[in-house]
Amino acid sequence: MAVRVLYCGDTQAETLITAKGIDTFILNYYRDSASVLRNALGPRPGIDMVHMPGDKIRADFPMKPEQFAEWDVIILSDVGYNNFALLPGNRERIVPMGPDRIGNFRKWVEGGGGLIMAGGYTTFSGIEAKGLWGGTPIEQVLPVEIMRGIDDRIEVPDGGRLDVLKPAHPILNGVAFDPERVILGYNKVTAKPNADVLMQVRGDVFMAVTETGKGRSIAYTTDPVYHWCGNLHEWANYGLLWERMVKWAAREI
């Protein structure tokens, strides 16, 4: 049976104001960077992945335990806490607004779900600390501590190379890394005492894993898509790495 994966985030709408002399134009764009990971992980054997764009999360992300039970692994990438915590209905003055979505999310992990939080401008703490994941119930089931109120981005425009610390771990065993692959940024986090740090970048956590209750979680501190992923997504084993991460989180390996 395939691992059922819900991949959330890595999309954005952009508004560009262009000035040409005294004339100005407003242009709107939609960027679907998630295609990078969808193309790398989606076709992998034993993976059944559904992508949920960032603008759909508030309304469509699971709320109730039976909805979480439809998934084996949830990937959060470059999408902030507010998208999950602020339920639909806040404008309609519905009191209460809905179920304890974040609490049910945490219980799903502890009950056997697999969580992967990938880096980005709005995961972990994020740009101007707007990711807001520090101090939440979801941080409690991750292998890392997240800074609060601090912009945790580390920009590496000259390219950061990855150091493998635990090559025998099931995620990394037999996955040969190309030393020419570099990343361009990551979120700075601190490994918890019970975490297993598998990889580092410039001495900081790149990938850490842990078991929490019956579930498993992974912190992957760079973005799996543009721009922070640098040229890592061009590496032949990129899809294999993500397949291993998903299957480990699902207790398939």
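Read-outs throughout are calculated quantities, based only on the coordinates presented, and are distinct from any laboratory measurement. Just so it is clear, the model here is predicted, and its values are computed rather than measured. Ideal geometry is used to build each Cβ from the backbone, glycine not excepted, and the neighbour counts take in all protein chains shown.
Listed values, structure above:
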read-out	value
Any hit, the stretch 88-95, residues being in contact with a helix residue (DSSP H, G or I) (Cβ under 8 Å, 6 or more places away or on another chain) and either of a type outside the set (Phe, Trp, Tyr) or closer than 26 Å to Val3 by Cα (or both)	yes
The lone exception for Glu66 - which of (1) free of Cβ contacts under 8 Å to residues at least 40 places away in the same chain; (2) charged (D, E, K, R); (3) within 21 Å of Ala219 (Cβ to Cβ) it fails	(3)
Flag if Tyr121 is in contact with a strand residue (DSSP E or B) (Cβ under 8 Å, 6 or more places away or on another chain) and closer than 29 Å to Met147 by Cβ	yes
Helices (runs of 4 or more DSSP H) within the stretch 1-90 that include 3 or more residues under 27 Å from Pro137 (Cβ atoms)	57-60, 65-68, 82-85
Selection within the stretch 133-146 - part of a loop (DSSP other than H, G, I, E, B) and crowded, with 20+ Cβ neighbours inside 10 Å	Trp133, Gly134, Ile138, Leu142, Pro143, Ile146
Odd one out for Val73, checked against (1) buried (at least 20 other Cβ atoms within 10 Å of the Cβ); (2) out of contact with any Phe, Trp or Tyr (no Cβ under 6 Å at 6 or more places or on another chain); (3) over 25 Å from Ser125 (Cα atoms)	(3)
Enumerated strands (runs of 3 or more DSSP E) restricted to the stretch 152-244, each holding at least 1 residues that are under 19 Å from Gly9 (Cβ atoms) and either touching a residue at least 60 places away in the same chain (Cβ under 8 Å) or not acidic (Asp, Glu) (or both)	153-160, 183-187, 204-212, 215-220
Ala34, sole failed condition from (1) more than 16 Å from the chain's Cα centre (by Cα); (2) aliphatic (A, V, I, L, M); (3) surrounded by 19 or more Cβ atoms within 10 Å (Cβ to Cβ)	(1)
